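The values are calculated or read from the model by the stated rules, or taken from the named source; none is laboratory data. Keep in mind the model is a prediction, meaning the values are calculated, not measured. Cβ sites come from the backbone with ideal geometry, for glycine too, and all protein chains shown count toward neighbours. Only protein heavy atoms, including side chains, enter the accessible area calculation; ligands, DNA and RNA are left aside. Shrake-Rupley method; radii C 1.70, N 1.55, O 1.52, S 1.80 Å.
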Amino acid sequence: METKQWYMEYKIHKNRPGLLGDIASLLGMLEVNIMTINGVEDRTRGMLLQTDDDEKIELLGKMLQKVDNITVNKLRTPTIVDILAVRHGRYIERDSDDRKTFRFTRDELGLLVDFLGEVFKRDGNQVIGLRGMPRVGKTESIIAGSVCSNKRWTFVSSTLLRQTVRSQLSEDEMQPNNIFIIDGIVSTIRSNEKHHGLLQEIMAMPSTKVIEHPDIFVKESHYEYSHFDIIVELRNTPDEEITYESFTANYTDDF
C-alpha cells in the first residue's frame, strides 16, 4: 500500500504533563510517523501523520476515543487548510454560507501567499477569484504565490503599472502550467474583440486563472460564480466593506 498523509486534530480538555508524549508513543508503536505538529487555535493541537496502512489510522481513532483528556475533532486526508493550520498555527477564516470563500486581512499576507502557493501547485483547470479594494495587495500576493509554487505568471489584463489589455500572448506565455492573471474590470469594461477572443481561449485552457474583481467579471460577462473554484477576499481590516462604485469609474477613463 502506498504511503499517505493524514491530518489529526484534537481538543485538549486537561493538558496534563506527558500527554503529548503518550500520544506520540502510541503513534510510534503503530509505526505512524509524525511529519508536522503545532498548536492550532485555543487548546487544540494538529498533526500531519504518515503511514502506508489505512487500518492503523482507523485503529488510532478508535483508541483515542478512550482517552479522557482529549477529543479527536478531525482524522482525515489533509486539505490545504489543514496543512496551513499546522504550518501557521491557525485556521483560515471561511464564509459560513459559501464554503469556497476564504477571507484574509492585509496583516495576513504571509498566510495568503502560502495559501495561494499551495493552490497554484494543483494541476488542471481551476478559476480563483480575488476580491479587494485598490492597493490592498491583491496582485502582489498572486505573484508571490506563483513564486512559491515555482510557476510562471502571465498578465492577461492588469492595472499594476498601467492599464494593460493583451490581445495576444507568445507561445511561451500560453503554456497551461502558467498562472494567468486577469483583472475582471479591465477585461470587461475595457475589453476589445481581440482581447475577448484571447480571454475565451485562456478560460478554456486546463490551467490556473486568477481573476481580480470577480463580481464585475461575472456581471459584465457570460461567466457565472459557478465557474469559480475558490473566492478569496482580502481586506485592510476585518470590517472593511469591498465596494466597486468608488473606483470602477477610473477604468473607463482614457489612458
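Side notes on the structure shown:
- Among residues of the stretch 109-142 being assigned to a strand (DSSP E or B) and open to solvent by less than 30 Å² (accessible area, probe 1.4 Å), the one that is nearest to P206 (Cα to Cα) is Q126.
- Hits in the stretch 74-102 - residues which are touching a residue at least 12 places away in the same chain (Cβ under 8 Å), in a strand (DSSP E or B) and surrounded by 14 or more Cβ atoms within 10 Å (Cβ to Cβ): K74, L75, T101, F102
- Taking the numbered list (1) closer than 30 Å to K121 by Cα; (2) in a strand (DSSP E or B) in turn, K11 passes all entries but (1).
- Residue check, K66 under 18 Å from L27 (Cβ atoms), touching a helix residue (DSSP H, G or I) at 6+ places or on another chain (Cβ under 8 Å) and open to solvent by 50 Å² or more (accessible area, probe 1.4 Å): no
- For the stretch 113-143, a residue qualifies if it is of a type in the set (A, V, I, L, M, F, W, C) and touching a Gly at 6+ places or on another chain (Cβ under 8 Å), and the qualifying residues are V113, F115, L116, V119, F120.
- Some residue of the stretch 185-203 being under 19 Å from M133 (Cβ atoms) and at pLDDT 95 or above: no
- Some residue of the stretch 62-70 being in contact with a Phe, Trp or Tyr (Cβ under 8 Å, 6 or more places away or on another chain) and not in a strand (DSSP E or B): yes
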